[in-house]
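Taking it in order: structure first as C-alpha cells, then the write-up.
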Amino acid sequence: MTAELRVPLAELEPGEAAMVVDVEGEGAFRRRLLDMGFTKGALVRVIKLAPFRDPIEYCIGGTHVTLREQEARQVMVEQVTPTPACRKHGPGKRGRRFGRGLGRGRAWRRRER
Amino acid sequence: MAKKRALTIALAGNPNSGKTSVFNSMTGARQQVGNWPGVTVEKKVGHLTHRGYDIEVVDLPGTYSLTAYSVEERVVRSYLVEKKPDVVIHVVDSGNLARNLYLTVQLMELDVDLVVGLNMWDEFVSSEAELDLEKIHRLLGAPVVRTVGHRGDGIDALLDAAVDLVEDREEHHRHVPISYGPHVNDVLVELVELLEESEASSSGYPLRWAAIKMLEGDVEILDLVTAGLSEDAASKLRAAVARAIKHISTATGADAEKVISEGRSGYVEGALKESMELPRTDRMELSRRIDNIFTNRFLGYPIFLALIWILFQLTFQLGAYPQSWLSSAVSWLAGGLSTVLPDSLLADLVVNGVIGGVGSVIVFLPNIMILFLGISFLEDSGYMARAAFLMDRLMHALGLHGKSFIPMLMGFGCSVPAIMATRTLESKRDRVMTTLLVPLMSCSARLPVYVLIAGAFFAERAGSVVFLIYVVGIVAAMLVGRLFAKTLFRSTPAPFVMELPPYRLPTGKGLLIHMWERAKIYLQKMGGVILVASIILWFLGAFPRDKAMIETYEADIASLRAAEQVEQTAADALETELQARLIEDSYIGRAGKALHPVVKPLGFSWEMGVSLITGFVAKEVVVSTLGVLYHVDATATNGEGSLPAALRNPSSGITPLGGFAFMLFVLLYTPCIVAVTAIKREVGTKWMAFSVGYQMVLAWLVSFGVYQIGTLLGL
C-alpha cells in the first residue's frame with residue numbers, strides 16, 4: 001500500500017469501501033470520529049449520498065453514521081480490493097461477509113465452512 | 001418492618017442503546033425531570049424499591065465516550081466520580097457491541113462498580129449471532145445481564161445483579177487494566193508514579209484514568225490535577241505530560257490521543273473476537289429497505305414534507321379543538337367569577353390577572369403535548385435522524401443542523417412548542433442558534449395583526465402583503481443565521497457525525513411518558529414564571545388608577561343609561577372612552593407614550609407603541625389594544641366605527657407605509673412572554689436576554705429602514 005492510494009473518504013462513491021488510515025483535523029471533531037470507530041485499520045463503506053450529495057451515509061463497525069462532505073474530506077482512507085461488505089469488526093476476520101450478497105447465493109456461508 | 005436501605009444506581013449508555021426504555025421500565029412514570037446543575041442538559045431521576053432497597057435511578061445523558069469535548073460527557077464523568085453512585089449500569093445495544101463496549105471500557109477504567117445490561121437482546125438473538133456470556137463477563141470484569149428494555153424483560157435480573165454487586169462487591173469487582181501497547185503503558189506507569197509522589201489530588205478520579213486523560217490532551221483533567229499543586233510541582237507535571245505525549249508520538253508515529261483511542265477499540269475488538277460469533281444476518285437489512293424509500297433521491301423530500309405537514313396539522317389544527325375548549329373553560333370561569341365577585345380591583349386582578357394568566361399558560365398545552373407525541377414518534381422510530389440527513393444541506397447553509405428544520409417549521413404555528421422542540425438537537429451550539437432563529441418564523445398569533453393592518457391599508461392586495469411578511473421572516477432568519485454562524489458561533493463548529501439507528505416501532509408507553517414529561521416541564525417549570533409575569537403585566541396595565549376620573553365617568557354613564565333609549569349609544573361611547581383613558585393613564589400607556597419618539601421614525605402612532613408593549617403578553621393582544629385606544633370595537637371588521645376604518649382615517653396619523661413598517665416590527669420584535677420563558681428554560685438567562693435584545697434591535701432597524709427609505713421614495 002503506497003501513499004498514492006491515500007484519498008479522502010469524501011471521494012468514494014456509494015458501494016465503495018476503504019480502510020481508514022488517518023483522521024485529520026483536531027479537537028472535538030476528530031475525537032468524535034475516533035470514538036465513533038474511525039480508527040486506523042477500520043473498514044468504512046459508503047452507503048448513500050443525501051440528495052445534494054451532502055451529507056453522506058457510511059457504515060463503519062456495523063453502525064451507520066453520517067458525515068458532512070467537508071468532514072469526510074478529513075478522513076484519509078486507502079481503497080481496498082475487492083470491496084468488502086459492511087461488517088461489524090475491523091480487518092480481523094478476512095473474507096467473512098456481512099449480510100447476504102445479492103445474487104451470490106449462499107456462497108459466503110459455504111466459504112465459512 | 002426494617003428500614004429500607006438506600007441505593008443509587010446510575011444508567012449510562014450510548015445514544016440509541018435503548019437506555020431510556022430500560023429507565024422507563026425500571027421506574028415507570030415515577031420520574032422527575034430537571035437539569036444538571038449549571039448546564040441545560042436534562043437530568044432524569046426515578047425511584048423504585050427492589051429486594052428491600054430504596055433505589056434511586058439516575059439516567060445519565062447518552063454518550064459515546066467520556067471526553068471533555070461535550071457537555072454531556074463532562075456531566076457523566078463528573079457525576080460518576082463526584083457523586084459516586086453505588087452501581088453503574090451500562091446499557092448497551094447488543095446488536096452493536098463494538099461501538100457500545102468502547103464506552104464500557106472507559107467506565108471500567110473509571111473504577112466504578114459496573115453491571116452491563118445487554119439490551120435489545122431479542123434483536124441480537126434474531127440476528128443469529130452468538131455471544132459467550134461467561135467469557136464476556138470475565139473479559140469485562142463486570143456481570144452481564146440480557147435485557148429487552150421496551151418489554152421490561154431482564155430488568156429485575158439487572159437490578160438483582162446491581163444489588164448483588166453492592167452486597168458482596170469484593171468478590172465480583174475485578175479491575176481489568178487495558179493495555180495500550182508498550183509505548184503508552186511505560187509512560188502511563190511513570191505518570192501514575194509521578195502523580196502519587198506529588199500527592200496530586202485528582203478529586204476522586206482514579207490516578208491511572210487521570211493519567212490516560214492527560215495523555216489524551218484532556219485540559220479539564222490536567223487543570224483539575226494541577227490545581228492543588230504548588231506552582232513548581234504543577235509545571236513539573238505539565239512538562240512530564242508534554243514529554244510523555246511527545247514520546248508516544250515519536251515512538252508510534254501517531255499522536256497520543258489516536259493511539260489511546262485505537263487501544264480501546266483494539267481491546268473491544270479482541271474481547272469480541274474471543275466471545276462472539278458474528279451475526280449471520282444484517283440487522284440493518286430491513287432498515288436499508290425502508291431507507292431506500294424514505295431517503296430516496298426523489299421520494300425522500302415529498303415523504304418528509306408530507307410527514308411534517310401531518311405533524312404540523314395535528315399540532316395546530318387538531319390541537320385547536322382542545323385549545324378552544326380550554327379557553328372557553330377559562331372565559332367561562334372568568335365570566336362566572338366576575339358576576340359572583342363584587343366589582344372591585346381585587347375582582348379585576350383575579351379575573352384578568354390570575355385567570356387570564358393561567359389561561360395564557362394552558363392554551364399552549366394541547367399543542368405541546370401533540371407536538372411532542374409526534375416528535376417522540378419520529379425520534380424513537382429512527383426517522384428523525386433520516387430527516388436530519390435529508391435536510392442538513394439546506395439547514396447547514398443557514399448555519400444550522402438538519403434537525404433544526406422541525407423546530408423552525410413549528411415556529412410558524414407557535415414559538416413555544418417550537419423552542420421546546422430544540423431539545424432534539426444534540427449540540428448546545430445548534431440548540432442556541434435554533435432557539436434564536438425560531439421566533440423569526442412568524443407564529444400564528446401574529447396573523448391577526450397582519451390581517452388587521454393589511455386589510456386596513458392594502459385592501460385588495462392584503463393576501464400578497466401578508467405573504468410578503470412571512471417571506472421577510474424567513475429571509476431574516478437566513479441572514480441572521482449566517483451572521484451568527486460567522487460571528488458568535490464561529491469558534492465552535494459542531495461536527496455532524498450522527499448515527500443512523502435501525503428503524504424500530506416505538507412503544508406506546510415510551511411515547512406517553514415522553515409526552516407527559518414535556519407537559520410537566522411546561523406546567524411546572526414555566527407555568528409559574530408565566531403566571532407571575534402575566535400578573536405583573538396586568539398590574540402595569542391597570543395602575544395607576546385615577547379614582548376621581550373613573551367615578552365621574554361612571555356617574556355620567558349611569559345617568560345616561562337611566563335616561564331614554566337614545567342615550568344608550570352615548571353611554572357606550574363614554575364607556576369605550578373610559579377604557580381608553582384607563583390604558584392611556586396606566587404605566588404601560590405612559591411608557592408607550594414616553595417611547596413614542598423612539599417609534600415615531602418608524603411611522604408609528606403612540607397608540608401603536610402602547611399596543612406593542614401589551615403585545616408582549618401575547619401578540620394578538622396588539623389588535624385588542626389598538627381597538628381600545630382608537631375607541632372602536634375591535635371585533636367589527638368593516639365599515640364606520642371599525643378598527644380598520646379608524647386606522648385608515650387620516651387623523652390616526654398612520655400611512656400605509658407606516659402600517660407596513662408596523663407589520664414588520666410585529667414580525668421581528670421580541671416574542672411573547674411565554675416564548676421568552678421557553679427560551680430561558682431551554683438555553684438559559686444569558687441567551688434569553690440576547691434573544692430579546694437582538695430582536696428588538698433588528699425589528700427597529702428593519703422598520704426604520706423601510707419607513708425612511710419608503711418615505712424618501714415618496715411611497
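The values are calculated or read from the model by the stated rules, or taken from the named source; none is laboratory data. Quantities reported herein were computed from a predicted structural model and do not represent experimental measurements. Every residue, glycine as well, gets a Cβ built from its backbone with ideal geometry; the counts of neighbours run over all protein chains shown. Only protein heavy atoms, including side chains, enter the accessible area calculation; ligands, DNA and RNA are left aside. Shrake-Rupley method; radii C 1.70, N 1.55, O 1.52, S 1.80 Å.
Work from the charge dipole of segment B:211-318 (Cβ charges, +1 for Lys and Arg, -1 for Asp and Glu, about the Cα centre) and give the residue of B:245, B:261, B:298 farthest towards its positive end.
B:298
Based on the alpha-carbon gyration tensor of segment A:12-85, what equivalent-ellipsoid semi-axes (square roots of 5 times the eigenvalues) come out, in whole Å, largest first?
Square roots of five times the eigenvalues give 17, 15, 11 Å.
If you scale each eigenvalue of the Cα gyration tensor by 5 and take the root, what three semi-axes come out for chain B, rounded to whole angstrom and sorted largest first?
Gyration-tensor ellipsoid for chain B: 58, 28, 26 Å.
What do you get for the angle between helix B:231-252 and the principal long axis of chain B? Use alpha-carbon atoms, 0 to 90 degrees, nearest ten.
The two axes meet at around 70 degrees.
Per residue of segment A:40-50, in order, report the coupling 6.51 cos²θ - 1.76 cosθ + 1.60 (Karplus, θ = phi - 60°) as ³J(HN,Hα) in whole Hz, putting x for Gly and Pro.
3J(HN,Hα) across segment A:40-50, in whole Hz: 3, x, 6, 8, 10, 10, 7, 9, 7, 9, 5.
Rounded to the nearest 20 Debye, what is the dipole magnitude of the protein assembly as shown about its Cα centre when Lys and Arg each give +1 and Asp and Glu each give -1 at the C-beta?
For the protein assembly as shown, the charge dipole is close to 2260 debye.
Anything losing 50 Å² or more of accessible area from the isolated chain to the full protein assembly: pick those residues out of segment B:232-265, probe 1.4 Å, ligands and DNA/RNA ignored.
B:257, B:258, B:262
Report the dimensions of segment B:338-397 along its three principal axes from the alpha-carbon atoms, largest first, rounded to Å.
That gives 60, 27, 11 Å along the principal axes, largest extent first.
For segment B:98-220, treating each Cα as an identical point scatterer without solvent, what Debye log10 I(q)/I(0) comes out at q = 0.14 1/Å?
Taking Cα atoms of segment B:98-220 as identical point scatterers yields -0.74.
In nm, to one decimal, how far is the residue B:561 label point from the residue B:135 one, both placed 7 Å along Cα→Cβ?
Those two pseudo-labels are separated by 9.1 nm.
If you place +1 on the Cβ of every Lys and Arg and -1 on the Cβ of every Asp and Glu, how big does the dipole about the Cα centre of chain B come out, in debye to the nearest 20? Please list the in-between numbers first.
Working: 62 positive and 73 negative charges, 277 e Å.
Result for chain B is approximately 1340 debye, rounded to the nearest 20.
Report the calculated FRET efficiency for residue B:505 and residue B:298 (r = Cβ-Cβ distance, R0 = 35 Å), to the nearest 0.05.
E(calc), rounded to 0.05, equals 0.85.
Taking only Cα atoms, what is the 0 to 90° angle, nearest 10, from helix B:527-542's long axis to the longest principal axis of chain B?
Helix B:527-542 sits roughly 20 degrees off the main axis of chain B.
List the residues of segment B:364-408 whose accessible area drops by at least 10 Å² when all protein chains are present, compared with their chain alone, using a 1.4 Å probe and counting only protein heavy atoms.
With the partner chains in place, segment B:364-408 has these residues losing at least 10 Å²: B:389, B:390, B:392, B:393, B:394, B:396.
Measuring from centroid to centroid over Cα atoms, what is the spacing of segment B:289-308 and segment B:354-419 in Å?
What the calculation gives is 19 Å, centre to centre.
For an R0 of 56 angstrom, estimate the FRET efficiency from the Cβ-Cβ distance between residue B:185 and residue B:35 and round to the nearest 0.05.
0.90
Quick one: Cα convex hull volume of segment B:202-274, Å³ per residue?
It comes to 88 Å³ per residue, whole-number rounded.
Quick one, what does Rg over Rh come out to for the protein assembly as shown if you take C-alpha atoms and the Kirkwood Rh?
Numbers: Rg = 31.5 Å, Rh = 30.1 Å.
For the protein assembly as shown, the value is 1.05.
Using a cut-off of 29 Å between alpha-carbon atoms, which lysines can reach residue B:236, once sequence neighbours fewer than 8 places away in the same chain are excluded?
Of all the lysines, those that pass the test against residue B:236 - Cα under 29 Å, at least 8 places apart if same chain - are B:213, B:246, B:258.
Mind checking how much accessible area A and B bury in total, 1.4 Å probe, in Å² rounded to 100?
Accessible area lost upon association: around 4700 Å².
What residues of segment B:581-602 lie in the reach of a label at residue B:549, counting those whose backbone N is under 18 Å from a point 7 Å from the Cα along Cα→Cβ?
Taking a point 7 Å out along Cα→Cβ of residue B:549, the residues of segment B:581-602 whose backbone N falls under 18 Å are B:581-596.
How long are the semi-axes of the ellipsoid equivalent to segment B:491-553, from square roots of 5 times the Cα gyration tensor eigenvalues, in whole Å, largest first?
Ellipsoid semi-axes (Å, largest first): 50, 20, 9.
Spin-label point model (7 Å from Cα, Cβ direction): what's the residue B:196 to residue B:516 distance in nm?
It is 5.2 nm.
Spelling out what I want: for every residue of segment B:89-98, take phi, set θ = phi - 60°, compute 6.51 cos²θ - 1.76 cosθ + 1.60 (Karplus), and round to whole Hz; glycine and proline get x.
9, 9, 8, 10, 7, 4, x, 9, 5, 4
Within the accessible area of segment B:65-175, what % is carbon and sulfur when the probe is 1.4 Å and the other protein chains stay in place? Numbers along the way, then the final one.
On the way: 1820 of 4040 Å².
About 45 percent, which is the carbon plus sulfur part of the accessible surface.
What distance in nm separates the simple spin-label points at residue A:70 and residue B:697, each placed 7 Å from Cα in the Cβ direction?
So the two model labels end up 2.5 nm from each other.
What's the center-to-center distance, using Cα atoms, between segment B:1-72 and segment B:93-163 in Å?
17 Å
Ordered by residue, what ³J(HN,Hα) values in Hz, to whole numbers, does segment B:427-438 give under the Karplus form 6.51 cos²θ - 1.76 cosθ + 1.60, where θ = phi - 60° and Gly and Pro are x?
Values, residue by residue: 8, 4, 4, 5, 5, 5, 4, 5, 4, 5, 8, 3 Hz.
Taking loop as defined by DSSP and a crowding limit of 16 other beta carbons within 10 Å, which trypsin sites (Lys or Arg not before Pro) in segment B:525-584 fit? Mind showing how you got there, number by number?
Numbers: sites: B:525, B:545, B:547, B:561, B:581; in loops: B:545.
Here the sparse-neighbourhood loop sites are B:545.
Treating the angle as unsigned and between 0 and 90°, give the value, to the nearest 10°, between the Cα long axis of helix B:447-457 and the longest Cα principal axis of chain B.
On a 0 to 90 degree scale, this one is about 40.
Compute the distribution of all C-alpha to C-alpha distances in segment B:296-431, in bins of 10 Å from 0, and list the percent of pairs in each, rounded to whole numbers.
12, 34, 24, 15, 10, 4, 0
Which pairs in the list B:525/B:686; B:486/B:619; B:19/B:84 are over 25 Å apart, alpha-carbon to alpha-carbon?
From the list (B:525/B:686; B:486/B:619; B:19/B:84), the Cα-Cα distance tops 25 Å for B:486/B:619.
Along its three principal axes, how long is segment B:374-462 when you only count alpha carbons? Whole Å, largest extent first please.
Principal extents (largest minus smallest coordinate, Cα): 47, 26, 21 Å.
Work out which residues of segment A:50-83 lose at minimum 40 square angstrom of accessible surface when the other protein chains are put back, relative to the chain isolated, with a 1.4 angstrom probe, and list them by number.
A:51, A:52, A:54, A:55, A:57, A:63, A:64, A:66, A:68
Heavy-atom accessible area per residue, the protein assembly as shown, 1.4 Å probe: how many Å²?
About 43 Å² of surface per residue is accessible.
Ignoring ligands, DNA and RNA, please state the percent of accessible area on segment B:430-550 from carbon and sulfur, probe 1.4 Å.
Of the solvent-accessible surface of segment B:430-550, carbon and sulfur hold 72 percent.
As an exercise, use a Förster radius of 22 Å and the Cβ-Cβ distance of residue B:329 and residue B:535 to find the FRET efficiency, rounded to the nearest 0.05. Intermediate results must be reported in sequence, preceding the final value.
Numbers: r = 20 Å, r/R0 = 0.91.
Between residue B:329 and residue B:535 the formula returns 0.65.
Please compute the Kirkwood hydrodynamic radius of segment B:15-108 from all pairs of different C-alpha atoms, in Å with one decimal. Could you put the intermediate results ahead of the total?
Details: mean 1/r = 0.0708 Å⁻¹.
Evaluated over segment B:15-108, this radius sits at 14.1 Å.
With 5 Å bins from zero, work out the P(r) of segment B:655-701 over every alpha carbon pair and list the percent per bin.
Histogramming segment B:655-701 at 5 Å steps yields 6, 22, 25, 19, 13, 8, 5, 2 percent.
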